[in-house]
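Report on the following structure.
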Amino acid sequence: MQIKIKLTLLYTLLVAALLSAFALTVYFTSAETREDEYFKRLKQQASTKASLLLDTKIEPHVLQLIYKKSPNALFQEEMAIYDTAFNLLYHDAVEVDKVKETKGMIDSIVAMKEIHFYLNNLQVVGFLYNHDNKHYVITAAANDEYGYAKLNALRNTLIIVLAVSIIITFFAGRFLARQSLQPVTVIVDKVKNITATNLDLRINEGNRKDEIASLAITFNEMLNRLENSFDSQKQFVSNISHEIRTPLTAMLAELQLTSKKERSIEEYKKANEHIISDIKNLVRLSNSLLDFAKASYDQTEISFKEIRIDEVLLDARNDVLHNQPAYKVKIMFEKETESDRSVSVEGNEYLLKTAFINLMENGCKFSSGNEVTVSISFDDKNVIINFSDNGIGINEEDLANIFTPFYRGKNKMFAGGNGIGLPLTLKIITLHNGKISVSSQKNEGTTFTIQLPHLQSL
């Protein structure tokens, strides 16, 4: 069901409920007022008859005749006067006595002074009447046909007005819902026309104040993120193509050069060494891309367990020295640990080791002595690892971009790389709810600092 139909129905139901409550209130208030007023009229009419009978000493049959012919008589009126001893003093001339007063009824009226009740379609009032210091009991009954006719007319009017009002409300609500949601329809139509080829299109944000404007602003922000994501993806693919093409082109050129004429064994060995180096670069690039993709997974899809950071660092050091025997990696504790949990984290050992290897290799590559120092410390919440080298440092303008995929600063001429290592490291540390920061001094060295929540704080 469309929202505008839901809004129309809800609006109609709400107004119908309010109008129904108002109509019922009017009807039952009118019914109660009619009842009270008719009891008062009955009592007043009966008191007038009693006054004529007792004050003017009119004969009962004369009074009966007067009221029988009176145009002001109440419909189906019936009145009786008793003394307190249940002696009948007067009764209207009626064919059938409908009230049929009893001794118990008279006693109740004497005790309660006045009673009201219904007898079939008749309203009956009984009250105590004083005259010349004597008490009389009067009962009066009549049918308020005129009052009921007015009440029925009011009921019918209210039903008609309620039905007409609900119909008008439905169409008014439908119009208002359509008008209110028209901007949403415009937004939907605009969004339908936005594809991967025209992500630069944006939605009109209107007055930028109401809820519709907030929706348009949110859509535009999402489109900004999508456009940036697509641009990044295009740039990422372009960079990967460049990184793969470079070693492939070098290998192709080397093979073409050696195939043009006979070469010496030494020349063939040298060409093979160049090709093997290029192949290793390709393997390293593909492994880095796979690790980058794995670090981009949702945390729930990666297995985590309790691991000691110092042990992972030692494994990473061993891998680095195995691949690059000329590198030097020094690991040290800045202070003694009182508990293994202060240097243990909940994490994925493979990914953390990959991040540590990247930082160790970077430090060694950019250090004049191919040496990096790794120090381990901890505070109340985190285990802190510093990777420090004494290399050429990072330029100020490069610091803000070093975690961007395939970005390599001005010092790339000093050492090779594919621009994946630091972005991969950032993703891995972020995946472990950690933080990474960097500080660097030109020609003095660079220090990468990693903070990971240790188990002691959990």
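The values are calculated or read from the model by the stated rules, or taken from the named source; none is laboratory data. Everything quoted here is computed from the prediction, not taken from an experiment. Cβ atoms come from the backbone with ideal geometry, glycine included; neighbour counts cover every protein chain shown.
Worth pointing out:
- Against the numbered list (1) within 20 Å of His454 (Cβ to Cβ); (2) modelled with pLDDT under 90, Ile376 comes up short only at (2).
- The set of residues in the range 315-339 being closer than 19 Å to Asn386 by Cα, under 50 Å from the mean Cα position of the chain (by Cα) and not basic (Lys, Arg) consists of Asp315, Ala316, Asp319, Val320, Ile331, Met332, Phe333, Glu334, Glu336, Thr337.
- Residues of the range 367-398 satisfying the condition of being farther than 18 Å from Thr430 by Cβ and surrounded by fewer than 16 Cβ atoms within 10 Å (Cβ to Cβ): Ser368, Gly369, Asp379, Asp380, Asn395, Glu396, Glu397
- Taken residue by residue, the range 153-167 has at least one member that is more than 32 Å from the chain's Cα centre (by Cα) and over 24 Å from Leu13 (Cα atoms).
- Of the criteria (1) of a type outside the set (Lys, Arg); (2) at pLDDT below 85; (3) within 16 Å of Gln441 (Cα to Cα), which one Asp389 fails: (2)
- Pairs where the first residue, in the range 212-237, is closer than 26 Å to Arg178 by Cα and the second is at pLDDT 80 or above and surrounded by fewer than 13 Cβ atoms within 10 Å (Cβ to Cβ), C-beta under 8 Å, 6+ apart: Ala216/Asn204
- Identity of the residue in the range 75-97, in a loop (DSSP other than H, G, I, E, B) and charged (D, E, K, R), that ends up farthest from Val124 (Cα to Cα): Glu95
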